[in-house]
Amino acid sequence: MASQTRSGFQDSASLLFATLQDTCRRYRMASLYRQLEVCEGLVGKSPLIDVAILGQFKAGKSSFLNSFIRGDLLPVGVIPVTTAITRLQYGPRARAVVTFLDATSSEVPLEAIADYTSEARNPGNERNVELVDLEVPALEPYKGLRFVDTPGLGSVFKYHMETSEHWLPEVGAAILAVSSDRPLSEHDLFLIRELMNHTPRIVLMLTKADLLSVEQQEEVVRFFRTTLARETDRDFPIYLYSRKIDTDRYRKTLDEELFRKLSANRDREFRRILRHKFHSIGQSCLAYLDVALKASQRADKERREIRELILSEQLNYASLYEELIVITRENAGQTRTVIERHLQPLLHPLAKKLADSLADELPNWKGNLWKLTRRFEEWMREGVSAEMDGISRTEQKHFFGTLKKTHASLERALEAFRAVLGRNVETVLGVTLAETEWTIEVAEPGRTDFEMGRVFDFHFDLLWFLFPMLIFRPLFERHFRNHIPRLVEINMSRLTTQWESCINKAMEDMRKQAARYIRDELATIESLLEGERGRSEEIRRTIDTLTAKMNEWNELQEERKTP
């Protein structure tokens, strides 16, 4: 009976999907292609339900999963750590399989996972990792579920646009982790609104609950409920979690109220998720078809006038594209100045710190000039590299002025574009366009390269046998100390250049995404406005057919609901 029910569900899902796909392709609804692609991978199959752990950088996502499976498989740290989507599911033995961007895969030792998933060992995802799949015996009670750890969505450090937010349509159920030491942010609210388009199952998890007293926990939960009700008009389950205190109690609550129910009712939950995704695509299709219908009902001459009114000069793609370029270039030209202005005061204190440290180290160094020079180079390489890494971690928040300005300016440009387009469509056709959002991904630079350079303008160290250290050592030690400020200045400049390159590349990526959004939206609207004359009946039949199919689907799912 269960297999028959599943077969009937898949058949009806396939029929509805075929209608949605045909409608989107026929009317060139490009903005829906990604969601269609995801649904195509679900229809006719019985995949795992992806339970995504989402949230901002340092919200405790990886720490939560480690704690939940009672292991330390996922790397955690004080800087943005996760560089690739990492998925955990049940397996009879613990194993890890890495899939690369070229579609090849390889099983790797568990202790080597961080080599592929952490920023420290895989900076900037230089290994081109797409996914890391872990099989864990401890997840046996949750067969049918796959837990997904994602890079922090609130961090500016993103490794490619396919990583977190591009993956949102694939979410089956979502846990939004919010750290107790941070408020509910605008980004969190945006993410919730975006998730509502892709899954009906969204819960919030307040991590690091040990930072709050019981009274504070209750106050924060009340605040979250009030804010979410006001902003989304929905009530979401909220759970507390801490890996330091009361962990077993928190784990048991999540286990009994969420994960075991998802696993036990996996087929029903899967149907619910797919129904939600189909409903979202269907409503978007109907809204676009309404635009096409209104335009088709006009005479050819009138429709040409309508096109000119809707796609007015304000919506000329070439001029909008140029505006985005100007915004990005103007800000990119200021990036280096912003970084240098902040780093300049750090030069002298850093040089003094290294000089004082060298004064403590030098008495312990033995040997001739050759050995002394090699020891100095090794010491400086280690010291300056550590200092540059430390500056990147602690000062990076001061580097992003132009990045933030560019994001705000591009966002305003897109909002203005969307406002003009929506106003034109509503004025001319009486149709309201659905709200759409756009987001950005930004790449973090890898470890700063240390530039040692030459300690001597002439290779005196090669003539070490000519310089008795008893006589000349004080002279060379002074030379080493005097060399420090120049090395610090050189490497601070290199650090500035790397961050400048990273930030400007991020701004260029943002510009390309904004341009793509405008291009696709204009292309979709234009294709709907340029339909052949007399197409009204065809469009109306398409609307009726799609509406009927969706109603049949909904009625069928209602009948199949189990207590």
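The values are calculated or read from the model by the stated rules, or taken from the named source; none is laboratory data. Quantities reported herein were computed from a predicted structural model and do not represent experimental measurements. Neighbour counts are summed over all protein chains in view; Cβ atoms, including those assigned to glycine, are modelled from backbone coordinates with ideal geometry.
Looking at GLN283 and the list (1) more than 30 Å from THR432 (Cβ to Cβ); (2) in contact (Cβ under 8 Å) with a residue 60 or more places away in the chain; (3) surrounded by fewer than 16 Cβ atoms within 10 Å (Cβ to Cβ), which single condition is not satisfied?
All conditions pass for GLN283, except number (1).
Restricting to the stretch 111-131, name every residue that is more than 16 Å from the chain's Cα centre (by Cα) and either modelled with pLDDT of 85 or more or of a type in the set (Asp, Glu) (or both).
Matches in the stretch 111-131: GLU111, ALA112, ASP115, GLU126.
Out of all the residues in the stretch 350-367, is one or more over 13 Å from HIS483 (Cβ atoms), assigned to a loop (DSSP other than H, G, I, E, B) and among the small types (Gly, Ala, Ser)?
Yes, the stretch 350-367 contains at least one residue that is over 13 Å from HIS483 (Cβ atoms), assigned to a loop (DSSP other than H, G, I, E, B) and among the small types (Gly, Ala, Ser).
Could you check VAL291 against (1) loosely packed, with under 14 Cβ neighbours inside 10 Å; (2) among the hydrophobic types (A, V, I, L, M, F, W, C); (3) under 30 Å from SER527 (Cα atoms) and say which number it fails?
(1)
Read through the list (1) buried (at least 19 other Cβ atoms within 10 Å of the Cβ); (2) under 23 Å from GLY390 (Cβ atoms), then give the number of the only condition that ARG511 fails.
Failing condition for ARG511: (2).
List the pairs whose first member sits in the stretch 319-341 and is of a type in the set (Val, Ile, Thr), whose second member is surrounded by 13 or more Cβ atoms within 10 Å (Cβ to Cβ) and not in a helix (DSSP H, G or I), and whose Cβ atoms are under 7 Å apart, counting only residues at least 6 apart or on separate chains?
Going by the 7 Å Cβ cut-off, the qualifying pairs are VAL338/PHE399; ILE339/PHE399.
Identify all residues within the stretch 195-216 that are surrounded by fewer than 18 Cβ atoms within 10 Å (Cβ to Cβ), in a helix (DSSP H, G or I) and not charged (D, E, K, R); write none if there are none.
Those that are surrounded by fewer than 18 Cβ atoms within 10 Å (Cβ to Cβ), in a helix (DSSP H, G or I) and not charged (D, E, K, R): LEU211, VAL214, GLN216.
Considering only residues that are within 38 Å of the chain's Cα centre (by Cα), exposed (fewer than 13 other Cβ atoms within 10 Å of the Cβ) and of a type in the set (D, E, K, R), which ones fall in the stretch 326-367?
Hit for the stretch 326-367 is ARG341, nothing else.
Looking only at the stretch 308-325, decide whether some residue is in contact with a Gly (Cβ under 8 Å, 6 or more places away or on another chain), buried (at least 19 other Cβ atoms within 10 Å of the Cβ), modelled with pLDDT under 85 and under 30 Å from GLN21 (Cα atoms).
no
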